[in-house]
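Comments concern the structure below.
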Amino acid sequence: MGSVLVTGGAGYIGSHVMAVLAGQGRRCVCVDNFSNSSPEAVARVRSLAPGAIALYEADIRDLAALRAILAKEDCASVIHMAGLKAVGESVEFPERYHDNNVRGTQCLLEALHDSSVRRFVFSSSATVYGIPERVPLDETAPTRPQSPYGENKLEIEGVLAGLAAGDPAWRVINLRYFNPVGAHPSGTIGEDPSDIPNNLMPFVCQTAAGRRERLAIFGADYPTADGTCIRDYIHVMDLADGHVAALRALDSAADGEVMTVNLGTGRGVSVLELVNTFERVNGIRVPRVYSDRRPGDVPVCYADATRARRTMGWSARRTIEDMCRDAWRWQSRNPEGYATAS
Ligand code: NAD
Ligand code: UDP
């Protein structure tokens with residue numbers, strides 16, 4: 001069986017995907033420019049599943065580098081996760097995001113064109129749906145991204161559809177992730193934000209650890225049972241399993257097939273529910289304060305996860321308790337993230 005080319009493999013989701021693949025004996029070829037990650041993440045994955053990862057420091061916009069890697073390695077498929085992902089930053093620097101995310105993907109496709117790789121799994125995002133008209137969101141819901149980042153994801157989905165329409169040797173799955181949280185149960189790898197976290201779970205973890213004074217809960221007056229926003233949090237290990245299921249689904253897909261699949265649990269959890277669960281399962285306080293709504297937040301967003309079950313035989317198994325426990329195990333063992341000595 002050929003190797004899996006994993007772009008962005010040193011990142012939060014990529015490191016977990018590689019841990020699962022390598023754990024199953026699949027060889028990974030990781031390409032990352034470490035713009036938002038550290039080689040230490042890959043070293044840690046190797047400690048979990050020795051020997052199965054080739055690591056290349058390269059930018060996906062470097063065509064010559066990609067061609068050289070593909071000429072050397074025997075890759076059968078690609079999981080494309082490399083990209084910039086900060087929504088707010090994408091509003092500030094839309095050109096930078098387009099260049100890295102969209103042009104980067106086009107460059108990757110150009111390099112793949114000269115190889116035999118024709119199976120493509122893409123890290124898309126539920127953010128392509130924008131403000132939901134109704135929940136749960138299934139894959140036929142209208143797409144109305146609200147940021148350049150979301151537009152990048154939708155544009156790339158379009159590029160991939162065009163590619164498969166023009167050359168039916170390609171088989172593509174777009175995975176639209178909901179809210180990935182948690183960490184590998186060993187506490188060895190996890191999410192390591194380089195800045196003040198924007199996302200809820202890393203902020204909760206850093207507050208529990210005393211790195212932040214208190215968590216601000218953005219809005220308690222939403223039309224939900226407890227007044228806080230509802231999201232579909234999915235354990236990163238379930239998400240990683242979803243990539244393995246996607247590769248399997250591509251094996252039995254028709255040539256030229258392009259599938260778009262939500263990866264979520266199908267269950268909505270409020271901010272308060274998540275924070276209270278975190279305190280309960282970990283026996284630690286998370287000082288919090290209610291503050292104003294965060295501009296742009298939608299009150300309720302969760303997936304209809306039926307298609308993933310039907311087409312890939314995958315559904316999320318881990319609970320919100322697992323997510324909170326595993327996130328805290330990673331945080332408490334690695335208070336400075338990958339800068340912490342292992
Ligand atoms: P991450 O930043 O931890 O990982 C992305 C990785 O890509 C990093 O290691 C970074 O160094 C690398 N990278 C970025 N630009 C690159 C380039 N030009 N060349 C080579 N490497 C490059 O982010 P993540 O949370 O692991 O997300 C992975 C993918 O999933 C991204 O495409 C992201 O948009 C998507 N996604 C993430 C979430 C989420 O909440 N984390 C939700 C939906 C979709
Ligand atoms: N949130 C919060 N405080 C924080 C970070 C996030 O109350 O410090 C809320 C946010 O308003 C949203 C939910 O937590 O309702 C999830 O936010 P996140 O940024 O993690 O995901 P997204 O909003 O992109 O789905």
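The table for this structure:
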quantity	calculated
Qualifying residue in region 172-194 (condition: within 14 Å of ligand 1 (Cβ to nearest atom), surrounded by 14 or more Cβ atoms within 10 Å (Cβ to Cβ), of a type outside the set (G, A, S) and in a helix (DSSP H, G or I))	no
Residue that is farthest from S115 (Cα to Cα), among those in region 154-174 that are touching a Phe, Trp or Tyr at 6+ places or on another chain (Cβ under 8 Å) and free of Cβ contacts under 8 Å to residues at least 60 places away in the same chain	I156
Cross-chain or 6+ apart pairs with Cβ under 7 Å, region 1-25 first and more than 21 Å from S124 (Cβ to Cβ), then within 16 Å of ligand 2 (Cβ to nearest atom) and among the basic types (K, R)	none
Residue count, region 69-95 (criterion: out of contact with any strand residue (DSSP E or B) (no Cβ under 9 Å at 6 or more places or on another chain) and over 16 Å from G150 (Cα atoms))	1
Selected residue (criterion: nearest to L5 (Cα to Cα)) from residues of region 96-134 that are in contact with a strand residue (DSSP E or B) (Cβ under 6 Å, 6 or more places away or on another chain) and assigned to a helix (DSSP H, G or I)	A126
Flag if A305 is surrounded by 14 or more Cβ atoms within 10 Å (Cβ to Cβ), touching a Leu at 6+ places or on another chain (Cβ under 8 Å) and either farther than 17 Å from T228 by Cβ or acidic (D, E) (or both)	yes
Residue satisfying all of: in region 65-80; within 14 Å of ligand 1 (Cβ to nearest atom) and assigned to a helix (DSSP H, G or I); farthest from G25 (Cα to Cα) among these	A65
Single condition P202 does not satisfy, out of (1) within 24 Å of R44 (Cβ to Cβ); (2) within 11 Å of ligand 2 (Cβ to nearest atom); (3) touching a Leu at 6+ places or on another chain (Cβ under 9 Å)	(3)
Residue within region 275-293 that is within 16 Å of ligand 1 (Cβ to nearest atom), closer than 19 Å to D232 by Cα and not charged (D, E, K, R) present	no
Region 87-146 - residue that is within 19 Å of G266 (Cβ to Cβ) and loosely packed, with under 14 Cβ neighbours inside 10 Å and, of those, farthest from ligand 2 (Cβ to nearest atom)	T140
Those strands (runs of 3 or more DSSP E) lying entirely in region 225-323 with at least 3 residues within 23 Å of R212 (Cα to Cα)	288-291
Filter result (over 19 Å from A68 (Cβ atoms), assigned to a loop (DSSP other than H, G, I, E, B) and within 9 Å of ligand 1 (Cβ to nearest atom)) within region 11-55	G11, S35, N36, S37, S38
Checking A58 against (1) away from ligand 1 (no atom under 12 Å from the Cβ); (2) over 21 Å from T340 (Cβ atoms); (3) without any contact (Cβ under 8 Å) to a residue 60 or more places away in the chain, the condition it does not meet	(1)
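Computed from the coordinates by the stated procedures, all read-outs in this text should not be read as laboratory data. As the structure is a prediction and not an experimental result, all values here were calculated from the model. Cβ: placed from backbone, ideal geometry, glycine included. Neighbour counts: every protein chain shown.
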